[in-house]
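To start, the structure under review is shown below, and the notes come after it.
The values are calculated or read from the model by the stated rules, or taken from the named source; none is laboratory data. Worth saying up front: this structure is predicted, and the values here are computed from it rather than measured. FYI the Cβ positions are ideal-geometry reconstructions off the backbone, even for glycines, and counts take in every protein chain you see.
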Amino acid sequence: MRKTYPLRPEGKHPDRVLDAVKHDIRRYLKRQRRVPLPDGVDFWDFDCRLGATQASAEVVHLGALITQLDALAQSGGTTAYVELLAKYGVRQRKAVAAQVDVLEENVPGA
């Protein structure tokens, strides 16, 4: 999803517009997470960018996207460019050798 949202349209309250933008972002994330995962993939991950314009957009962590959007609106921004690109996420497994070493240390009399 690549979209530019007006944050201060004429005739609408800015707080309600910001709430609508947040709702649209959350709705997209929820819909994308329902897409079936291919084999070998654990979850949907997202590349996120946020800025006043597409040229000024910076990489943002998904967990900080809403707070950064709030900060952009509080600073007086008139538009917000949001880019959310879904990608495959694979969980990193812990090393088995490290777990075996820990178990051997905890065995009494070994």
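Couple of notes before you dig in:
- Candidates VAL41, VAL35 - the one that is among the β-branched types (Val, Ile, Thr) and more than 17 Å from the chain's Cα centre (by Cα): VAL41
- Checked against (1) assigned to a helix (DSSP H, G or I); (2) without any contact (Cβ under 8 Å) to a residue 24 or more places away in the chain, ILE66 passes all but condition (2).
- Filter result for GLU58 (modelled with pLDDT under 95, acidic (Asp, Glu) and surrounded by fewer than 10 Cβ atoms within 10 Å (Cβ to Cβ)): no
- Whichever residue in segment 66-85 is under 15 Å from the mean Cα position of the chain (by Cα) and surrounded by 14 or more Cβ atoms within 10 Å (Cβ to Cβ) and, among such residues, is farthest from LEU7 (Cα to Cα): LEU84
- If you go through segment 79-110 and pick out every residue that is at pLDDT 95 or above, out of contact with any Pro (no Cβ under 6 Å at 6 or more places or on another chain) and β-branched (Val, Ile, Thr), you end up with 1.
- Criterion: among the basic types (Lys, Arg), surrounded by 10 or more Cβ atoms within 10 Å (Cβ to Cβ) and either modelled with pLDDT of 95 or more or in a helix (DSSP H, G or I) (or both) - qualifying residue of ARG16, ARG27: ARG27
- GLY63 being exposed (fewer than 11 other Cβ atoms within 10 Å of the Cβ) and of a type outside the set (Phe, Trp, Tyr): yes
- Look at segment 23-43: where a residue is under 20 Å from GLN92 (Cα atoms) and a partner is surrounded by fewer than 12 Cβ atoms within 10 Å (Cβ to Cβ), sitting 6+ places away or on another chain with Cβ atoms under 9 Å, you get ARG33/PHE43; LEU37/PHE43; GLY40/VAL90; VAL41/VAL90; ASP42/VAL90; ASP42/ARG91; PHE43/VAL90; PHE43/ARG91.
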